[in-house]
1. Taking segment 165-181, which residues are surrounded by fewer than 20 Cβ atoms within 10 Å (Cβ to Cβ), under 18 Å from Lys149 (Cβ atoms) and free of Cβ contacts under 8 Å to residues at least 60 places away in the same chain?
2. How do the pairs read when you match residues in segment 353-378 that are within 13 Å of Val339 (Cβ to Cβ) with residues anywhere that are of a type in the set (Phe, Trp, Tyr) and assigned to a loop (DSSP other than H, G, I, E, B), using Cβ under 7 Å and keeping only pairs 6 or more apart or on different chains?
3. Of everything in segment 77-110, what is surrounded by fewer than 14 Cβ atoms within 10 Å (Cβ to Cβ), out of contact with any helix residue (DSSP H, G or I) (no Cβ under 8 Å at 6 or more places or on another chain) and part of a helix (DSSP H, G or I)? Give them in sequence order.
4. Filter segment 342-355 for residues that are under 32 Å from the mean Cα position of the chain (by Cα) and surrounded by fewer than 21 Cβ atoms within 10 Å (Cβ to Cβ) and give the result.
5. The conditions are (1) open to solvent by 20 Å² or more (accessible area, probe 1.4 Å); (2) within 30 Å of Leu70 (Cβ to Cβ), and Trp360 fails exactly one of them. Which is it?
6. Confirm whether Ser265 is farther than 23 Å from Leu182 by Cα, modelled with pLDDT under 60 and either open to solvent by less than 60 Å² (accessible area, probe 1.4 Å) or not charged (D, E, K, R) (or both).
7. Search segment 80-97 for residues that are farther than 19 Å from Arg340 by Cβ and at pLDDT 95 or above and pair each with any residue that is of a type in the set (Ser, Thr, Tyr) and open to solvent by 50 Å² or more (accessible area, probe 1.4 Å) when their beta-carbon atoms are under 8 Å apart and the residues are at least 6 apart or on different chains.
8. Would you call Ser311 open to solvent by less than 60 Å² (accessible area, probe 1.4 Å) and modelled with pLDDT under 85?
Amino acid sequence: MKKLTFDEIRKDLSYHYLAGSWCHGIGIEGISDYDYAGVFICPQEALYGVRSEYVQQVSDEHHNENYYELGRWVELLLKSNPTSLESLFVDKKFVIGDIHPAVQKFIDNRDLFLTKEAFKPTLGYALKQCSKAKGYNKKCNIPEDFRRKDILDFCYTFNEQGSIPIKDYLKNFNLDQRYCGLVNIPNMYNMYGLYYDFAAFFKFKKINLFKSPEYRRFIQTISQEEKIYERMKNKDFYGYSGIVHPNMEIKKSDGSKVTLYNVVSEGEYGAFWESNEVRLSSIPKGEKPICFMSFNKDAYASHCREYKEWSDWKKNRNQTRYNDNKGYNFDAKNMCELVRLIHTGIEIARDGVYNVERTWDRDFLLDIKHHKKTYEEIMEYVNEKRAEFDELIKTCTLPESVDKEKVNQMLIEARKEIYKNI
């Protein structure tokens, strides 16, 4: 039996409903996504066979559709997962198609899941929206021309009592990174000696050393003048291959492939590819480094992760929502969710009910979505409501926890009923 795909699962859902802002009654056309959720039942063979064939949950590419296998859905209900708990109380007008009897059995017994165990996940999920709101805003305000930096942007050398980017250091002396070579310094994390093949540099850049006092002064400081003269006379060019790792081969204009060493030796210059490492070179004995260089690898990795997250977000973002939040210091949708969840928690603690579709607070929530409330105003209101929530929890008369044995038995009976004729 092959593993079920998203499309196969979606065609045979046991419970399918419109989720998110629209079932809450606060959807805004053009801004709010159409989210769908539901439950599916896996074939009997997937339960009895190899575990890898069992699919717990599936989502579409943009996570606008999320479906859970019956067993996984019940597991989440036992954990008082806010999204799964909400699915038990969705109004029938948002349900698509028929509900399977196995799922309906849990919906009919939904009050079993309204317990004090729901408070912590609901509050936690609510507060998470606050950090999301700031995170979305951060992405919103990243310039559209944000580019991925290369390794050299995270390489530095000493400069008086501080440091200077290696790019600036090379630029200050009109040096080309393609003629650089690096040697790892033992016992010093991501520290390297940086060497320079001046003989090849002068040859292929067509620089007359005797007419270039700035270069002569520079190489005299590293006591390599005589050795460089000798190598130029003997055409002894090392071709260190640069700082950034190139893929070792590049394609010339005539279609042939050559290594970077040959490119330098022939006086041609090829492109350097992005990599996650600097390139080390084999440096002849007696050579002296022109400087020492550090590579802030952790900062480079962090930047690459941030760039990838931003790129993926930019590719998949809701453009209308992006435009709506541009220029503000928070994402209105997430802040609206924060308030809605706090209200939901208060209603569960005070009245023992789960209200999915918003009524009394609908206008207030829409004001938040339309940026009619500042971040400070919203947080002041949330802090007041959270204090109210905490007090209601103390006097709440709901059961302490879900009756897990009863729920487990319900699931077993549901499975038997589903598979009895197979």
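1. Pro165, Lys167, Asp168, Lys171
2. Tyr375/Phe330
3. Lys92, Lys93, Asp108
4. From segment 342-355, those under 32 Å from the mean Cα position of the chain (by Cα) are 342-345; that's our starting set.
Within segment 342-355, just His343 meets the criteria.
5. Checking Trp360 against (1) open to solvent by 20 Å² or more (accessible area, probe 1.4 Å); (2) within 30 Å of Leu70 (Cβ to Cβ), the one that fails is (2).
6. Details: farther than 23 Å from Leu182 by Cα: no; modelled with pLDDT under 60: yes; either open to solvent by less than 60 Å² (accessible area, probe 1.4 Å) or not charged (D, E, K, R) (or both): yes.
Taking the combined requirement at face value, the residue does not satisfy it.
7. So the pair list comes out as Ile96/Tyr36.
8. Values: open to solvent by less than 60 Å² (accessible area, probe 1.4 Å): yes; modelled with pLDDT under 85: yes.
Criteria met by Ser311.
The values are calculated or read from the model by the stated rules, or taken from the named source; none is laboratory data. This is a predicted model, so every value here is computed, not measured. Note that we place each Cβ from the backbone using ideal geometry, even for glycine, and neighbour counts take in every protein chain shown. Just the protein is used for accessible areas: all its heavy atoms, side chains included, with ligands, DNA and RNA removed. Shrake-Rupley method; radii C 1.70, N 1.55, O 1.52, S 1.80 Å.
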